[in-house]
Amino acid sequence: MTNVIPLVFILSTGSDPFNAFQRFAIEMDFQDRIYSISLGQGQGPIAEQMIRDGVQQGNWVFLQNCHLAVSWMLPMEDMIRSLSETPEKIHSDYRLFLSSMPSPHFPVSLLQNSVKVTNEPPMGLRANIRRAFADISQDFFETHGTSSMI
């Protein structure tokens, strides 16, 4: 992926790549420059502004659940296409991450011009519980004792 080639997480039921994405951002020392939004009704204009700011400032933008923003898919496709036509205007650190369940409304051209990653959920209850606890830091357990979870 580059500043003009987005990464698309193609989701399956029960998968959520966001925690792994956050760990990656920390490893790359970008945790203070990531902006994320879960798309849905009315979130398109906010996502557009995040993209515009990211292009200018070199932020990472993660648009989650694109399949829920059917009416915004065409404007998103147009915006991303226009950005790719002027790569010299895009900050070199800018990255766009998208996640979506398979959807007939997701723009084909965007899929064709992106890096695609699938994220399968762990199989079975035991694997799901292990993954859930692996995503929680030791510090969380120490600062949020059992009494605050009851």
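The values are calculated or read from the model by the stated rules, or taken from the named source; none is laboratory data. Treat the numbers as computed from the prediction; the structure is a model and nothing was measured. Glycine gets a Cβ as well: all are built from the backbone with ideal geometry, and neighbour counts include every protein chain shown. The protein model used for the area step is the full one, side chains on, heavy atoms only, and it has no ligands, DNA or RNA in it. Shrake-Rupley method; radii C 1.70, N 1.55, O 1.52, S 1.80 Å.
Overview of results
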{"quantity": "Unmet requirement for Glu120, which otherwise passes all of (1) modelled with pLDDT under 90; (2) of a type outside the set (A, V, I, L, M, F, W, C); (3) surrounded by 11 or more Cβ atoms within 10 Å (Cβ to Cβ)", "calculated": "(3)"}
{"quantity": "Pair list, Cβ < 9 Å and 6+ apart or interchain, from segment 64-91 residues that are farther than 16 Å from His105 by Cβ and at pLDDT below 95 to residues that are part of a strand (DSSP E or B) and open to solvent by less than 60 Å² (accessible area, probe 1.4 Å)", "calculated": "Leu83/Leu96"}
{"quantity": "Matching residues in segment 37-63 - criterion: being under 13 Å from the mean Cα position of the chain (by Cα), within 20 Å of Pro107 (Cα to Cα) and not in a loop (DSSP other than H, G, I, E, B)", "calculated": "Ile37, Ser38, Ala47, Met50, Ile51, Val61, Phe62, Leu63"}
{"quantity": "Residue list for segment 59-69, filter: within 23 Å of Ser92 (Cα to Cα) and of a type outside the set (S, T, N, Q)", "calculated": "Trp60, Val61, Phe62, Leu63"}
{"quantity": "Residue that is nearest to the chain's Cα centre (by Cα), among those in segment 2-20 that are open to solvent by 60 Å² or more (accessible area, probe 1.4 Å) and not hydroxyl-bearing (Ser, Thr, Tyr)", "calculated": "Asp16"}
{"quantity": "Residue within segment 6-28 that is of a type in the set (A, V, I, L, M) and farther than 30 Å from Ser137 by Cβ present", "calculated": "no"}
{"quantity": "Among the candidates Ser71, Ser92, residue that is in a loop (DSSP other than H, G, I, E, B) and small (Gly, Ala, Ser)", "calculated": "Ser92"}
{"quantity": "Residue count for segment 95-112, restricted to those that are crowded, with 17+ Cβ neighbours inside 10 Å and either under 16 Å from the mean Cα position of the chain (by Cα) or part of a helix (DSSP H, G or I) (or both)", "calculated": "8"}
{"quantity": "Subset of segment 21-58 [farther than 24 Å from Ser92 by Cβ and open to solvent by 40 Å² or more (accessible area, probe 1.4 Å)]", "calculated": "Ser38, Gln41, Gly42, Gln43, Pro45, Ile46"}
{"quantity": "Filter result (open to solvent by 40 Å² or more (accessible area, probe 1.4 Å) and either touching a Ser or Thr at 6+ places or on another chain (Cβ under 9 Å) or among the hydrophobic types (A, V, I, L, M, F, W, C) (or both)) within segment 66-80", "calculated": "His67, Leu68, Val70, Leu74"}
